[in-house]
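Taking it in order: structure first as C-alpha cells, then the write-up.
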Amino acid sequence: MNGKAHQAETASESASATRGLRHDWQKSEVVALLTQPLLDLVDQAREVHRRHHADGTVQLASLYSIKTGACPEDCKYCPQSAHYAKTTGLKREESLDVDEVLAKAAIAKEAGATRFCMGAAWREVKDGEAFDRVLAMVRRVRALDMEACVTLGMLNQSQADRLAEAGLTAYNHNLDTSPEFYGEIITTRCYQDRLDTLQRVRRAGVEVCCGGIIGMGETIEDRAGLLQTLANLDPHPESVPINALVAVPGTPLQDRPPIDPLDLVRMVATARLLMPQSRVRLSAGRRSLSREAQLLCFLAGANSIFYGDKLLTTANNDVSDDLALIEEAGLRVGPADSSA
Ligand code: SAM
Ligand code: DTB
Ligand code: SF4
C-alpha cells in the first residue's frame, strides 16, 4: 500500500468510528431488520437516508461491455459464461478500441451520466496489451470529467495499484450472495477470492462497488448473510448495487420465477440502514419493475441507477422514462453527495 492510501485508510477508519457506522452486525439482527413490517422498515430507512443524503441526488451510471462472453467462470446467472454459450447462443465480442469506448462515454455524459462503468467478462486481469488499453480508457474517461468504474474479475495488488494510478474512481466486484449459498451458484472460484480482490482494491485507495443479486433461489438468511458481509467490510463499500436476477434463456437459472418487487424494496431499505453513507444502486432487473416499485425503492434509500438502454448484454430501462420518474419524484441527478 502506498503512504497516501494507508493514510486515507486510517483516516477513514477513525472517521467511521466517530460517525457511528457499525461493522459488527450479527446475522440475526439483519434478518430482524429485513423481515420487519414493510412500512416500519421503509420509515426507518427513509429517516436514515434523509439524514445522510439530504441533497436528494440520484447518480446515473452508464455501463458498457468492453469484452463480452466466453468467460471461463461458471456463474449460473450469467449469460456471458462460456459454460452456457451453446444454450445462450451468446457470441464473444471485444471492443477494446479506446476511441470507440470513449465515444460511448461521451454519449453517456451528454445524456446525463456522471459515472461510466466498463465491464469485461474476464475471470481475472492478465497483464498485457488488453489491460494497458483498459488503463488508457480509465485515464480518458477521467479526462472527460466523469467518474470511471471497471469490473474485470480478480486482480492482484500491482494491477489494483496501476488502476489507481490511472485515476480509477471505483472497482466493481460483487459478492453476489451469502458465503453459504455461493457454492450453489459458482464453483470456479470461492468467496474468499472475492474478498481478497476487494481488499486489494481498498489498499490501492480505489473506492469499492460491491453488492449482489436476489432471485437466485436464496433464502432470507442468505440475503441477510450477503448484507451482513457487505456491512461488516470496513470501510463500507462506497456503492452497493442491488441486482434482481435477469433470468436469461440458456443459463441454468433461466426458469427462476421473478422476484416480488417488495423483496427488492426490503433489500434496498436494509442496505440503507446498514450502510447509511453508501450509494445504493438499483441495478439489473429494474426493467421489470413498475414505476411505483422503483419509487418505493427510492423512498427506501436507493440513490443511484444504471442508466442507458443496455446493461452489459441485456436491455435496460428507457432513459427518458428514467429522467421523467426522477423529475416526478422531486429528486435531482447526482453526484453532489460527498458522503458517498
Ligand atoms: N466478470 C466480472 C465479475 O464477475 O466480477 C465482471 C462482470 S459481471 C457480469 C458483473 C456482475 O453482474 C456480477 O457479479 C453479477 O452480480 C451481475 N450479473 C451478471 N449477470 C446477471 C444477471 N443475469 N442478473 C443479475 N445480475 C447479473
Ligand atoms: C452490477 O452489479 N450489475 C451490473 C454491473 N454491476 C456490472 C451488471 C448487470 C448485468 C446484467 C446482465 C447483463 O446485462 O448481461
Ligand atoms: Fe464471468 Fe463475471 Fe459472468 Fe461470472 S459474472 S461468468 S465472472 S462475466
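Here, each number is a calculation from the coordinates, and none is a lab measurement. None of these values were measured; they are calculated from a predicted model. Reconstructed Cβ throughout: ideal geometry from the backbone, glycine too, with neighbour counts over all protein chains shown.
Below is a table of values for the structure above.
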| quantity | calculated |
| --- | --- |
| For residue 249, net neighbour charge (Lys/Arg +1, Asp/Glu -1) across residues whose Cβ lies under 13 Å away | +1 |
| Packing-based order for 310-319, 226-235, using average beta carbon neighbours within 10 Å, highest first | 226-235, 310-319 |
| Highest average packing first - 244-254, 76-86, 125-135, Cβ atoms within 10 Å | 76-86, 244-254, 125-135 |
| Sorted largest first, extent of the chain alpha carbons per principal axis (Å) | 52, 49, 40 |
| Cysteines in the chain lacking a second Cys C-beta under 4.7 Å | 71, 190, 209, 210, 297 |
| When each of 86/126; 91/126; 91/310; 27/310; 27/67; 67/109 is checked by Cα-Cα distance, pairs over 28 Å | 27/310; 27/67 |
| Antiparallel DSSP beta bridges within region 25-326, as percent of all bridges there, nearest 5 | 10 percent |
| R0 of 25 Å, Cβ-Cβ distance residue 323-residue 290: FRET efficiency to nearest 0.05 | 0.90 |
| The chain, helix-only ellipticity at 222 nm - DSSP H runs n ≥ 4, -39,500 (n - 2.57), divided by all residues, nearest 500 | -13000 deg cm²/dmol |
